[in-house]
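Readers should treat all values here as calculations from the given coordinates under stated rules, not as data from a laboratory. None of these values were measured; they are calculated from a predicted model. With ideal geometry, Cβ positions are generated from the backbone for all residues, glycine too; neighbour counts draw on all protein chains shown.
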Amino acid sequence: MCIRDRSKELYLPFKIETEEGLKVHIPKAGDKKKILDLSLRNAKYYRMERFKQAKIVDPDRHENRIMAQMKKDLRLSEEPRHIECFDNSNIQGSNPVAACVVFKNGKPSKKDYRKFNIKTVEGPDDFASMEEVVYRRYKRLKEEEQPLPQLIIIDGGKGQLSSALKSLDKLELRGKIAIIGIAKRLEELFYPDDPIPLYLDKKSETLKIIQQLRNEAHRFGITFHRDKRSKQALDTVLETIPGIGEKTVIQLLKQFKSTKRIKNASFDELADVVGTSRAKKIVTHFQE
């Protein structure tokens, strides 16, 4: 449909040649001028949005630009195509765990995420826990001859970074993988052997990706921690049922694999494993 079919009058910021019978107005003030100004702003906004979309139409180009920018911003010797970020979680000092999330080409690679139960550290000790999980992670990658990341990010300040460095030293990987720590309060980036932190522009894409990594590691670790606490609480529930001893609990878990399945099992299913007397006690307990 052409302009002539839709309107007999046009309001424009400049003169144009038109067909006979089509009037062109160039408003200088009043409501029509306001409408014209609004139309111009909308047109400019639309053009900007289309331009932004066009820039991301080629994902490889967009990805390459971000990787090159991260290399420059973080003073790296190579582009961080493979980044791993570590976070500890020991809410209320119980069930200490850690998480490692992996980004490849600036995006989460969830199949490569890893979670760790802390094995060698007693009590809430972030530094020792960080040392343990970093050592376990890269010892395994070395043994399995898996590719190492170009960048490791430690969620924490100088203390956690120093602990991670101890593990890289033991594995003879120091200097072979770039590593930085990020402190939450001011988003300070710490480098090994450099007392002065780096501050990135708050709007920079590099900082946004680092924050995304840190937040994802925190979320993944917290979820794992909560699941572990819930499982422990449920397993403890079985032992509090009157007349149900440790051997019966082991029998039940061996058959049903989890307390949740035991809770949802029918009386007959439970009776087949532990007999009618104990099955009745379990069903009654969960009903109450």
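Some notes on this structure:
- Entry for Rg and Dmax of the Cα atoms in Å (calculated from the structure that is shown) out of (1) 20.8, 65; (2) 17.2, 49; (3) 30.6, 99: (3)
- Computed from the Cα positions only, the extents of segment 64-226 along the three principal axes stand at 42, 35, 33 Å, in decreasing order.
- Lysines with Cα under 16 Å of K139, excluding same-chain neighbours fewer than 8 positions away: K115, K119, K166, K170, K176
- Mean separation of Cα contacts under 8 Å, 6 or more apart, over the residue count of the chain: relative contact order %: 13
- Taken about its Cα centre, the chain carries a charge dipole of about 900 debye when Lys and Arg each add +1 at the Cβ and Asp and Glu each add -1 at the Cβ.
- Cβ crowding within 10 Å averaged over residues, with 141-150, 80-89, 174-183, 257-266 ranked highest first: 80-89, 174-183, 257-266, 141-150
- Ranked by how many other beta carbons lie within 10 Å on average, peptides 154-165, 203-214 from highest: 154-165, 203-214
- Degrees separating the helix 276-287 axis from the principal Cα axis of the chain, which is the longest one: 40
- The chain, helix-only ellipticity at 222 nm - DSSP H runs n ≥ 4, -39,500 (n - 2.57), divided by all residues, nearest 500: -17000 deg cm²/dmol
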